[in-house]
Amino acid sequence: MKIRMQLVLGVVALLALAGCNSEKTVTGTFGERQLTGKVLPVGDIAGARPEGIEVRARGLGVTSVTDANGAFVLTGLPEREIELSFTRSSDGIEAALVVGAEVHALTVELQSKSASTRHRPARSPRIQIEGLITAISSSSITVMDASRKVDVTAAIVETTRIRKGHRTLTTDDLAIDDRVHVTATPQADGTYEAVEIKLQEGEEPGDDDQPTKRELEGPVISIDAASITVLDASTGEQTAAITAETVIRKGGTPLTVNDIKPGDRVHVKANIEEDESLTAFEIMLQKPS
């Protein structure tokens, strides 16, 4: 009887050891795919530190732990759909997310019991054209660009904004030799498409009474010495440049960019630049991580 019991215990021990060994095979077994990601605590855990969250590819034994910025890397994954789990016992995080076979990098908006991916649309490059109109129609505008001394033509499409100050115009309000400022995006075929046409010729006081500032409020997605990206409650993900003149504070205490981390809640006041980009002149930390 004693010998039989020893044999049973031995078999159990061997099975347990085999299970442990299979769990430790974390790279090179299932494939060559690498998945990089970044975790952003939001919702019921907004403001929580992004560091120390375990990210696991379920059923594969491939794991990673997020760093101080919420970043993680999983290697040795197969080229197929996988399920990721996110856990941290200290604040009850236990969420899952299915990731498609084509995904190799992602940002994860994480709550205590749910996770979703954030897709950041790429912003098209823009050029600025300023000078006198040499040709105008309902479908295009040609301007003698003052800086390059050449005619530049941009297509006018349904989404093109035409204005004089705060007043909306149409192409019928534009004429040859009018001075305009055109913001345009380059197209794949080398042409340009007008985003906005601003009539400058004959402007009157108050014509350019456009909003010049914007305020953002929400959790920080990323921050470095050059810029801050915030998940604004009303407009979504917004990025503002940080300059030497940017004031960073918490109450009356001056701070630096090193004092703000992803997940912190901030209120950002920014100037709207001519190309519609934002430059922060004040960042107020509301909830440190």
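Coordinate-derived values only; no laboratory data. Predicted, not measured: the structure shown is a model, and the values here were computed from it. Note that we place each Cβ from the backbone using ideal geometry, even for glycine, and neighbour counts take in every protein chain shown.
For Glu193, the residues whose amide H sits under 5 Å from its own are Ala155, Thr185, Gln187, ignoring neighbours fewer than 5 places away on the same chain, with H placed 1.01 Å from N. Taking amide H as placed 1.01 Å from N in the peptide plane, the amide H of Ser140 sits under 5 Å from that of Ile156, each at least 5 places away or on another chain.
In whole percent, what relative contact order does segment 29-118 give with Cα contacts below 8 Å and a gap of six or more residues? Let's see the in-between values first.
Values: 222 pairs, mean separation 29.8, N = 90.
Relative contact order comes out at 33 percent.
This model, with +1 at the C-beta of Lys and Arg and -1 at the C-beta of Asp and Glu, gives segment 136-289 a dipole about its Cα centre of some 760 debye. Determine the shape class of segment 213-287: with a ≥ b ≥ c the square roots of the Cα gyration tensor eigenvalues, call it rounded for a/c under 1.5, and otherwise prolate if a/b is greater than b/c, oblate otherwise. In terms of gyration-tensor shape, oblate.
Pairs of Cα atoms in segment 127-199 fall into 5 Å distance bins, from 0 up to the last occupied one, in shares of 4, 18, 33, 29, 13, 4, 0 percent.
Taking the Cβ of Pro186 as the centre, find all other residues whose Cβ is under 10 Å away and add up their charges (Lys, Arg: +1; Asp, Glu: -1). Intermediate values should be presented prior to the final figure.
Values: positive: Arg126; negative: Asp189, Glu193.
Charge balance in the 10 Å sphere: -1.
Each residue in Ser116, Ser64 was given a count of other beta-carbon atoms within 10 angstrom of its own, and listing them fewest first yields Ser116, Ser64. In the structure shown, the pairs Lys164/Lys269; Lys38/Lys261; Lys213/Lys269 are assessed against 19 Å; a Cα-Cα span above that value is assigned to Lys164/Lys269. Once the chain from Arg126 to Thr153 is taken as fully extended at 0.36 nm per residue, the excess over their C-alpha distance is 8.3 nm. Computed packing ranks the peptides 145-151, 50-56 as 50-56, 145-151, most packed first, by mean other Cβ atoms within 10 Å. Please report, in debye to the nearest 20, how large the charge dipole of segment 127-199 is about its Cα centre when each Lys and Arg carries +1 at its beta carbon and each Asp and Glu carries -1 there. The dipole of segment 127-199 has a size of about 280 debye. Between Asp172 and Glu273, the FRET efficiency estimated from the beta carbon spacing at R0 = 35 angstrom works out to 0.75. Between Thr235 and Thr212, full extension at 0.36 nm per residue minus the direct alpha carbon distance yields a gain of 6.7 nm.
Using a Förster distance of 51 Å, how high is the FRET efficiency between Gln187 and Ser89, based on the Cβ-Cβ distance and rounded to 0.05? So the FRET efficiency works out to roughly 0.50.
Residues whose amide H lies under 5 Å from that of Ile53, counting only those 5 or more places away or on a different chain, are Thr66; hydrogens are built 1.01 Å from N in the peptide plane.
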